[in-house]
Amino acid sequence: MDDIRMTRYGRGGGCACKIPPGELETLLKGLTDDARAGDAGELLVGPEHGDDAAVVRLGPGLAAISTADFFTPVVDDPYTWGRIAATNAMSDVYAMGGTPVMAVNLLAWPRETLPMEIAREVLRGGLDAARAAGCPVAGGHSIDSPDPLYGMAVTGTADPARLITLDRAEPGRPLTLTKPLGVGVLNTLHKATGEVFPEAVEVMTTLNRDASAAATARGIRAGTDVTGFGLLGHAHRMARASGVTLAIDADRVPVLAAARSAVAAGHISGGSRRNLDWVAPHGDLSAADEATALLLADAQTSGGLLLAGELPGHPVIGEVLPFQGSTVLLR
């Protein structure tokens, strides 16, 4: 088992294996449900803007949050992959200002290729991450598959009046980012060489729980988590939904120490390049060189929160402006 490199199984890795954002939007066009109320409750957040999770009002002061996330191996160690995938799935609930209350496993496994003992390690990692969040894991679903996939469907709760969504970014607000960028390029380098980057693992296995709670307590109502579409892609979505421009000061964005050299060496996922191609027509990225732009578009796995508001202890990387003709402005 120690000789098996999990990142060799699956074409992509982590959130970099997502369907490209432009293709995804074309795919989903016309397939959304316009109904805002049902027998069980009022739909507060649906797929209109691409928010991190769906939200239904259950009653006064109570909303249910629902999300699902899974991906191919992002690191070679199966236990660590499980921790990362579970942390990433629960992040969607935190990004909406909620608290995870239950999760179920989603597992696809090549049972004739990889030992089931490895699958058990993946599930153990996910269980430990959920336990750290105080979120019980109550079963799940598994299938036989050519490629290994793992993640979770997560249910959370929130106060409807304190939700964090993409469409509430107001001009004059600072932009805060709660985790450094660079895990995407380091994961790509890890896949190519087997070199382990503990700083990237630390980022990916750190819950966004505390940042989310602090944000809701400070009245922040606009935000998202930075995952497979990169900082630029998620900023574009927030700006578009809110009708504003997000100005990002590239030199103020925190980056993991080894990430810049990894970019210079060409360890950039196809997903990151597609992110940049998607945002470029809508943004003013002229202030950044290509390497910087690619790093800002780097497909993150289990990244931090991008918030329209200041959060003490985390860097301010820009500000929300009235619409300037582009959704994202690099300075």
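The values are calculated or read from the model by the stated rules, or taken from the named source; none is laboratory data. These numbers were taken from a predicted model, which means no experiment stands behind them. With ideal geometry, Cβ positions are generated from the backbone for all residues, glycine too; neighbour counts draw on all protein chains shown.
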- Query: Before we move on, is Ala280 more than 22 Å from Pro171 (Cβ to Cβ), in a loop (DSSP other than H, G, I, E, B) and among the hydrophobic types (A, V, I, L, M, F, W, C)?
  - Reply: no
- Considering each residue of region 77-118, count those that are in contact with a Cys (Cβ under 8 Å, 6 or more places away or on another chain) and of a type in the set (S, T, N, Q), and give that number. 1
- Complete set of residues in region 128-153 that are closer than 22 Å to Val201 by Cα, in contact with a helix residue (DSSP H, G or I) (Cβ under 8 Å, 6 or more places away or on another chain) and not in a strand (DSSP E or B): Asp128, Ala129, Ala130, Ala133, Cys135, Pro148
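Can you find even one residue in region 240-249 that is part of a loop (DSSP other than H, G, I, E, B) and either of a type outside the set (Lys, Arg) or within 15 Å of the chain's Cα centre (by Cα) (or both)? Quick ask: steps written out before the conclusion?
Pass one, region 240-249, residues part of a loop (DSSP other than H, G, I, E, B): 243, 249.
Still in the running and either of a type outside the set (Lys, Arg) or within 15 Å of the chain's Cα centre (by Cα) (or both): 243, 249.
There is at least one residue in region 240-249 that is part of a loop (DSSP other than H, G, I, E, B) and either of a type outside the set (Lys, Arg) or within 15 Å of the chain's Cα centre (by Cα) (or both).
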- Task: Take region 52-84 and flag every residue that is over 20 Å from the mean Cα position of the chain (by Cα), small (Gly, Ala, Ser) and surrounded by fewer than 22 Cβ atoms within 10 Å (Cβ to Cβ).
- Result: Gly59, Gly61
- Message: I'd like to check something: does region 128-135 contain any residue that is surrounded by fewer than 23 Cβ atoms within 10 Å (Cβ to Cβ), free of Cβ contacts under 8 Å to residues at least 40 places away in the same chain, under 30 Å from Gly41 (Cβ atoms) and not assigned by TED's automatic domain parsing to the domain that holds Ala259?
- Response: yes
- Message: Of the conditions (1) crowded, with 19+ Cβ neighbours inside 10 Å; (2) over 30 Å from Phe197 (Cβ atoms); (3) basic (Lys, Arg), Arg168 satisfies every one except a single condition; which number is it?
- Response: (1)
- Those residues of region 157-189 which are in a strand (DSSP E or B) and out of contact with any Pro (no Cβ under 8 Å at 6 or more places or on another chain), in sequence order: Thr157, Ala158, Thr165, Pro174, Leu175
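Does at least one position in region 250-262 carry a residue that is in a strand (DSSP E or B), under 24 Å from Met204 (Cβ atoms) and touching a strand residue (DSSP E or B) at 6+ places or on another chain (Cβ under 8 Å)?
So the first thing to find is which residues in region 250-262 are in a strand (DSSP E or B), and the list is 255.
Still in the running and under 24 Å from Met204 (Cβ atoms): 255.
From what is left, the residues that are touching a strand residue (DSSP E or B) at 6+ places or on another chain (Cβ under 8 Å) are 255.
Checked against the condition, which is being in a strand (DSSP E or B), under 24 Å from Met204 (Cβ atoms) and touching a strand residue (DSSP E or B) at 6+ places or on another chain (Cβ under 8 Å), region 250-262 yields at least one hit.
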- Query: Residues in region 190-198: is at least one outside any loop (DSSP other than H, G, I, E, B) and within 23 Å of Leu311 (Cβ to Cβ)?
  - Reply: no
- Task: Of the conditions (1) assigned to a loop (DSSP other than H, G, I, E, B); (2) under 17 Å from Ser212 (Cα atoms), Val74 clears all except one; give me its number.
- Result: (2)
- Item | Counted residues, region 303-330 - those being out of contact with any Leu (no Cβ under 9 Å at 6 or more places or on another chain) and under 16 Å from Val244 (Cα atoms) | 4
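Examine region 274-282 for a residue that is farther than 29 Å from Gly10 by Cβ, at pLDDT 95 or above, among the small types (Gly, Ala, Ser) and over 19 Å from the mean Cα position of the chain (by Cα), and state whether such a residue exists. Lay out the reasoning, then the answer.
Of region 274-282, the ones farther than 29 Å from Gly10 by Cβ are 281-282.
Next cut, at pLDDT 95 or above only: 281-282.
Right, trim to among the small types (Gly, Ala, Ser) and you get none.
For region 274-282, residues farther than 29 Å from Gly10 by Cβ, at pLDDT 95 or above, among the small types (Gly, Ala, Ser) and over 19 Å from the mean Cα position of the chain (by Cα): absent.
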- Message: Tell me yes or no: at least one residue of region 278-290 is touching a residue at least 24 places away in the same chain (Cβ under 8 Å), under 23 Å from Lys191 (Cβ atoms) and surrounded by fewer than 21 Cβ atoms within 10 Å (Cβ to Cβ).
- Response: no
- Of the residues that sit in region 310-326 and are out of contact with any Asp or Glu (no Cβ under 9 Å at 6 or more places or on another chain) and assigned to a loop (DSSP other than H, G, I, E, B), which one is farthest from Thr178 (Cα to Cα)? Phe323
- Residue in region 216-226 that is at pLDDT below 95 and either surrounded by fewer than 23 Cβ atoms within 10 Å (Cβ to Cβ) or farther than 18 Å from Thr327 by Cβ (or both) present: no
